[in-house]
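Just below is one structure, and these are the notes that go with it.
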Amino acid sequence: MSESSTQPVSASEKAARPFDIVLYGATGFTGGLVADYLLRNLPEGGSWAVAGRNRTKLDALVARLAAEMPDVPAPGVVVADTEDPGSLADMARAARVVITTVGPYLEYGEPLVAACAEAGTDYVDLTGEPEFADRMYLEYHDKAVASGARIIHACGFDSIPHDMGVFYTMKQVPEGVPVAVYGAVHADAQFSGGTFHSAIGQFARLRQAARTAKARRTKEGRVEGRRIKSVTGKPHHDSVLGRWLVPLPTIDPQIVLRSAAALESYGPDFSYAHYASVKSPLTATAGMAGVGALAVGAQIGPIRSQLLKRIDRGAGPSESRRARSSFDVTFVALAGGRRVVTRVCGGDPGYTETSMMIAESALCLAFDELPALAGQLTTAQAMGDALLERVERGGLTFEVLST
């Protein structure tokens, strides 16, 4: 795609836009939680809007929000539809930051990324789809650099606890030495229908995803003068954590490694491995078998269709179930002869904490002093300490367990 027509958008032009933040997908389950969070946490004088394709549902959402907090200015309403690129362009030009909770992103996400990259509008989403992030890099990174837009994927449970967790961990290790880190995630929660649909979509496109990832690596090139390495581990019992670890093929290690490539503070030689943490080898075996069965089933059209029919992509757990949910990610870093163990933990990962994390990402982009960067960026690269402070205030715990 040509970037020749894209012009940089000035700070004064962005400041004159009617909304600091627009939330696209606000009438969905996750979108509604993000709207609740923004209503309670937008700074005084800030402006925001809810957006989607159904005006009636948007008006009902605004009425609910106004009833809950009548002393707080209600959000504006923007009608926009993924199938109407003009409406997305208008929405992008009306905002400094756009949040989108409309997934699966491979299916619905590209038109909005294109609109934001063209308009110089900052963009955050909840994708956990590596192929989507890679495709958007190939198609729109250069355009976003030209316009000044910051395009930041994976601003929820994928991948803030992991990206910001390693960012926090790197503050605890000696500087300028090789560092090997592995992360182990454990969650007790019900994940969303949208996450399930995205996962099935990814399993169905493994070959396409591999080709896209290769094209991205070619475009990015190697980091000069430093070594950044992904480590594909094996299932094993970890003596440090006292648990069984199973390699976890999510977007999280890719995000961590991109932050490492962008941030020289990660040292001259950095490696990362990513695992799920379980109590027993039986659980590990059952988990791997289940993922393998889903991956095979997703390759077969009729089976894939039946799997997708089983779970509504807009479904979500009850408030009481979310209140009982939790997660933790433990990081072990080996650096300069020292071993540092840290942990990030929080409540319900798929909804409560995810809605907080993406909302705080947008608030950070809209209101905090940040590095002058543009293009497709990671959360640690674009927002660093400012976002770390925000998500801690939002309820996540970052702690050092041992040094």
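No lab work stands behind these numbers, since they all come straight from the coordinates. Everything numeric here is computed off the predicted structure, so don't read it as measured data. Cβ placement follows ideal geometry from the backbone for every residue including glycine, while neighbour counts extend to all protein chains displayed.
Which residue out of Arg64, Arg40, Arg96 is of a type outside the set (Phe, Trp, Tyr), out of contact with any strand residue (DSSP E or B) (no Cβ under 7 Å at 6 or more places or on another chain), outside any loop (DSSP other than H, G, I, E, B) and in contact (Cβ under 8 Å) with a residue 12 or more places away in the chain? Walk me through how you get there before you give the answer.
Details: Arg64 fails: in contact (Cβ under 8 Å) with a residue 12 or more places away in the chain; Arg96 fails: out of contact with any strand residue (DSSP E or B) (no Cβ under 7 Å at 6 or more places or on another chain).
Checking each option against the conditions leaves just Arg40.
Considering only residues of region 329-355 that are over 24 Å from Thr101 (Cβ atoms) and among the polar types (S, T, N, Q), which is surrounded by the fewest Cβ atoms within 10 Å (Cβ to Cβ)?
Filtering first and then ranking leaves Thr330.
Exactly one of these conditions fails for Tyr105: (1) more than 14 Å from Gln376 (Cα to Cα); (2) surrounded by fewer than 24 Cβ atoms within 10 Å (Cβ to Cβ). Give me its number.
The single condition Tyr105 does not satisfy is (2).
Given the residues Ser12, Ser5, which is the only one that is touching an Asp or Glu at 6+ places or on another chain (Cβ under 9 Å), surrounded by fewer than 13 Cβ atoms within 10 Å (Cβ to Cβ) and not in a strand (DSSP E or B)?
Selected residue: Ser5, the only one of Ser12, Ser5 that is touching an Asp or Glu at 6+ places or on another chain (Cβ under 9 Å), surrounded by fewer than 13 Cβ atoms within 10 Å (Cβ to Cβ) and not in a strand (DSSP E or B).
Mind checking whether some residue in region 353-366 is under 23 Å from Pro18 (Cα atoms) and over 16 Å from the mean Cα position of the chain (by Cα)?
The answer is yes; a qualifying residue exists.
Determine whether region 130-148 contains at least one residue that is in a loop (DSSP other than H, G, I, E, B) and either at negative phi or among the charged types (D, E, K, R) (or both).
No - not one qualifying residue is present in region 130-148.
Taking the residues in region 250-279 that are without any contact (Cβ under 8 Å) to a residue 60 or more places away in the chain and exposed (fewer than 15 other Cβ atoms within 10 Å of the Cβ) as candidates, determine which candidate is nearest to Ala209 (Cα to Cα).
We begin by selecting, within region 250-279, every residue without any contact (Cβ under 8 Å) to a residue 60 or more places away in the chain; these are 257, 261, 264, 279.
Now drop any that are not exposed (fewer than 15 other Cβ atoms within 10 Å of the Cβ), which leaves 264, 279.
On the way: Glu264: 28, Lys279: 32 Å.
Residue satisfying both the conditions and the ranking: Glu264.
Contact list please: Cβ distance under 9 Å, first residue in region 69-93 and part of a helix (DSSP H, G or I), second residue among the hydroxyl-bearing types (Ser, Thr, Tyr), pairs at least six apart or on different chains.
Leu88/Tyr24; Leu88/Thr82; Met91/Tyr24; Met91/Thr121; Ala92/Thr121; Ala92/Tyr123; Arg93/Thr121
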